[in-house]
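Asks: I am attaching a structure below and will ask some questions about it afterwards.
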Amino acid sequence: MTPKSPPPADCLFCRILRGEIPSTPLWQSEKTLIIADIAPQAPFHALVIPRRHAADIGEFMKEKGGPSELSDLFATALALIEDRRIDRKGYRLVINTGAEGGQTVGHLHLHLLAGRPLGWPPG
Ligand code: 5GP
Ligand code: ZN
């Protein structure tokens, strides 16, 4: 379970999506916005955020249209990956979910990490 599911009015990423909090946009589609992470964990660290609020992947997929929106999330990430040639050296897409999964913002997002060798297993 995700520990907190803020309503869109209070949600950090909904506020970024509405332009109430500044961000650095990197790419976008009708359903998805990609921004730079404010505390990058790799030389390239982006957040791939669906415009529709959902606390986590489970909640997102249960909504009508979830599967096609999830497809857009990955397709938009791949468009940026191809544009920046991030696929030449490799990258990691991560969805932290819930307290033990390391999720701190209760609005579904993919982390796109690249630019250095990424360790495994993760911490
Ligand atoms: P999570 O911990 O939920 O997997 O990921 C949340 C991410 O959001 C973290 O990597 C964190 O650095 C990032 N983050 C937190 N606040 C902000 C913010 O105000 N702007 C941006 N661009 N990223 C943020
Ligand atoms: Zn939200």
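The values are calculated or read from the model by the stated rules, or taken from the named source; none is laboratory data. Note that this is a predicted model, so its numbers are computed, not measured. Using ideal geometry, Cβ is built from the backbone for each residue, glycine included, and neighbour counts are taken over all protein chains shown.
Asks: Quick check on my filter: what residues within region 106-123 are surrounded by fewer than 17 Cβ atoms within 10 Å (Cβ to Cβ) and either closer than 12 Å to Phe44 by Cα or within 15 Å of ligand 1 (Cβ to nearest atom) (or both)?
Replies: Passing the criteria: Gly115, Arg116, Pro117, Leu118, Pro122, Gly123.
Asks: For region 63-118, enumerate the residues that are within 16 Å of ligand 2 (Cβ to nearest atom), β-branched (Val, Ile, Thr) and touching a strand residue (DSSP E or B) at 6+ places or on another chain (Cβ under 8 Å).
Replies: Within region 63-118, Ile95 is the sole residue that qualifies.
Asks: For the subset of region 85-101 comprising residues that are in contact with a Gly (Cβ under 9 Å, 6 or more places away or on another chain) and assigned to a loop (DSSP other than H, G, I, E, B), which member is farthest from ligand 1 (Cβ to nearest atom)?
Replies: Lys89
Asks: Same structure, new question: What number goes with the only condition from (1) modelled with pLDDT of 95 or more; (2) within 13 Å of ligand 1 (Cβ to nearest atom); (3) farther than 22 Å from Ser23 by Cα that Glu59 does not pass?
Replies: Failed condition: (2).
Asks: Quick one: how many residues across region 23-52 are part of a loop (DSSP other than H, G, I, E, B), in contact (Cβ under 8 Å) with a residue 12 or more places away in the chain and farther than 17 Å from His107 by Cα?
Replies: The total comes to 6.
Asks: Quick one: Ala46 ticks every box in (1) of a type in the set (A, V, I, L, M); (2) touching a Ser or Thr at 6+ places or on another chain (Cβ under 8 Å); (3) crowded, with 18+ Cβ neighbours inside 10 Å except a single one, so which number is it?
Replies: Of (1) of a type in the set (A, V, I, L, M); (2) touching a Ser or Thr at 6+ places or on another chain (Cβ under 8 Å); (3) crowded, with 18+ Cβ neighbours inside 10 Å, only one is false for Ala46: (2).
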